[in-house]
Structures are given as structure tokens and as C-alpha cells.
1. For the residue pair residue 55 and residue 156, what label-to-label distance in nm results when each label sits 7 Å from Cα along the Cα-to-beta-carbon direction?
2. Can you give me the long-range amide H partners of residue 270? Hydrogens built in the peptide plane at 1.01 Å from N, cutoff under 5 Å, separation of 5 or more residues or another chain.
3. Any chance you could check the Cα centroid distance between segment 250-327 and segment 93-126 for me, in angstrom?
4. How many nm separate the modelled label positions at residue 256 and residue 342, each set 7 Å beyond the Cα in the direction of the Cβ?
5. When the Karplus curve 6.51 cos²θ - 1.76 cosθ + 1.60 is applied with θ = phi - 60°, which whole-Hz ³J(HN,Hα) does each residue of segment 310-324 get, with x for Gly and Pro?
6. Amide H of residue 224: which non-local residues (sequence gap of 5 or more, or other chain) have their own amide H closer than 5 Å, using H built in the peptide plane?
7. Give 265/321; 156/226; 269/335; 112/235 a once-over and call out the pairs whose C-alpha atoms are over 20 Å from each other.
8. What's the FRET efficiency of residue 82 with residue 334 using the Cβ-Cβ distance as r and R₀ = 41 Å, to the nearest 0.05?
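Taken together, the values in this text are just the output of simple stated rules run on the coordinates, not laboratory data. Everything numeric here is computed off the predicted structure, so don't read it as measured data. Neighbour counts run over all protein chains shown; Cβ positions are idealised from the backbone, glycine included.
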Amino acid sequence: MALIKCENCNKEISDTSKKCVHCGTKIRKKNKERLENKSVKVKSKKKVIIIVIILVVLISGGFLIRNFFIKEEIPQTNIRNEDILQIEILNDYINIRSQMSVNSDILGKVYKDEIYDVIEKSEDGLWYLINTSNNIRGYIASQHDNVPYVKELDVKGNNQENNSNNENSEENINQESNNNTNSNNSTTNTNQNNTNNNNSNSNSNNNNQENNNSNNYEPQLKACLKTCDSGYVLKNEDSVDCYCEKIQQTYVAKNQVIYNNEGVKITAKGIDYSDRNFITFDLLVENNSDIPKVIQRNHFSYVNGYDMATVYSVTLQPGTKSTNGLSYLRSTLSKNGITEINSIKIDFVIIDWDGNGLSTGKRRVTSDWININF
């Protein structure tokens, strides 16, 4: 049972009453419904207000919790700081991994000449934990196949410590020299003849001491002593921080003819690493027949044993050539841990063409699977 108010005397009565017990006025149905609707609306407004208050509390609480946990996380500024351990990126780019493994998820990338604070370094020195300016926190590899990807930058504290040790060593040498001099002077006061000999010995000792000091303070070797193997180039060669970097450019493997049938000749030229986003398998395709030809990839090719989707199609008039190659996205290759192509498996389909943009459909020749190693 609910209470409503009498329309005449405005006193509360039961919603089941037909007359007001106070003034005897009949309760009309419309008035009853109006009063009930009003009560429902008031309750609905209260519910909305309560829900809004709960949402505000949850949002503000989440913001405070987030600030509590990440307040010590310093965003990466990419600014040189000699007071902490930092690294400089040497490679064109390095993937940021979720774990210290090339098989873990890729969170983002860092690029050449960028500087990052080292949050943590693995015991074997192969991985660095960093945090980028857009809050990507993850691991980057320090090298691959003995080719350095990063360079550790000097920390001021280490240099100061070395200088302090050198200064202490110099003070000890000077103190020893002063003690020898005092001893010689004492001997001089005792015997004049011995004085001359002692002075001579003192000068000789001083000369020897100076020579020893000179030997102890040899200038730092700045010339690079590294030599690089074939396929690598020496970088920063005028400094002790020199290093060998693998040559990433177009190279010719064997100029291997991988298909030659009915006037169509396909030659594998090599791999082109010069593009930042793609690695390209360079081909030379020749149509030496008297019929226009369309040369296409038949199935998806395999790179280092992994199935790779890529598009390849060239149309050649008689006596013409094409140097178009098969381009693979670096990001797709990286998902399979591929930074260098060692092998490709591919097959082709050669179609006769009517010269007007349509295939005749009468001549379709499919090659066998072709394996190319680099």
C-alpha cells in the first residue's frame, strides 16, 4: 500500500481509498495516477543522481590510483644526460619487444641517432629496458650476429672517479719525491763531499721519477684498432668507440637464372635492403618470344621458410624487359623474426596475352617450385 495526497485538503491517504478520510472528497483516478507518476519521477531522479555520484567517485579514484603507480615513471626526453647510463641507436630501427626475446610481441620501434635512458640491462648485455616519450616500455636488442645495434654513452661519474684516482696517485708520487729531497738535504749538512754526490743522485732520482710519471700518464689512445670482415664497414674510425656495421644495400648473389622457357627468362639479381619499409627480391624478367606475356607469382612465396603474401605481376611485349621485384614489408618479416633474407621459395605462371589487356586463356605455363639461397 502506498500513500497519496488528497486533491482537496492535501492530506495523505491510502491509494486504495475511494474517499478522503479527512474531508470526504472522492479520489479521482486521474489524480491518483498523477500523484503516483510524480512519486516515480522523484525516485528516478534520485537514482540518476546516485549513479552520477558513483561514476564521479570511480573516475577520480582511478585517476589517483594511476598517478600513484606511475608517478615515478619518467617519460623519455631523448636528451643527453651524462649523469645516467644512456644508449644511442646505431641501426636504422630496432623493434621494441614485450620480453627479452625476438619471438615476443612488438610494441613499437626506435630509430637511428635517438638517445634513451637505460632502465635495466640484462646480465648478458644483449637487452636494454627503455621507456619512450609516448610511454612504450619494453626491451630492445643490443646486437645481432655480433653487429652492434646500440652504443652505450659515457657517464660523467665514471670519468670523475678515474680522474680522482689519477690525482691521488700523483699526490703520492710528489710526497715520495719530497721525502727523498729532505733526506738528501740532511746528508748534505753532515758531509760536504757526500753532498755533491747526493745532489747528483737526487737529480738522477728526480729524472727517473719524472720519467716514471711520464710513463704513468700516457695519453689516451684515440685511434681505432678494429678491422672489419667482408660485408661490414668501419664506423667512427677516428675514435676508440669505432665499430663495424653490416653493409645494408643492394648486392648481387649469383645473377642466377631461375627460369628459362619458351622465350621467357627470369634472373634472380639479389636482395635490396636500402628501403626503410621494404626488403625487395630483385628480378630481371625478359620476354624474348614473339608473343606478349604476363608473368605472375603463382602461389605465395616462402621467405626463410615462412609463408609470405606478396603481389607480383608484369606484362611484357616481345623483346622487352622488367626489373620489378617482389617487395616484402619489414614489419611483416619482423613478426617472424626475419631481419635478413637467407632463402626464398617461389613459383611463377606465364600467360599469353592478346595485346589488348585481356588474357587469351589458351596458354598458361606454370613453373616448378624454385629455391633460391643467398
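1. Rounded to a tenth, the inter-label distance reads 5.0 nm.
2. Counting only residues 5 or more places away or on other chains, the set is 253, 282.
3. 35 Å
4. Calculated label separation equals 1.4 nm.
5. For segment 310-324, the Karplus curve yields 8, 9, 8, 7, 10, 10, 10, 6, x, x, 10, 9, 9, 10, 5 Hz.
6. The list, which skips near neighbours in sequence, is 239.
7. Details: 265/321 9 Å; 156/226 25 Å; 269/335 26 Å; 112/235 14 Å.
Flagged as over cut-off: 156/226; 269/335.
8. Values: r = 33 Å, r/R0 = 0.80.
My answer for the efficiency is 0.80.
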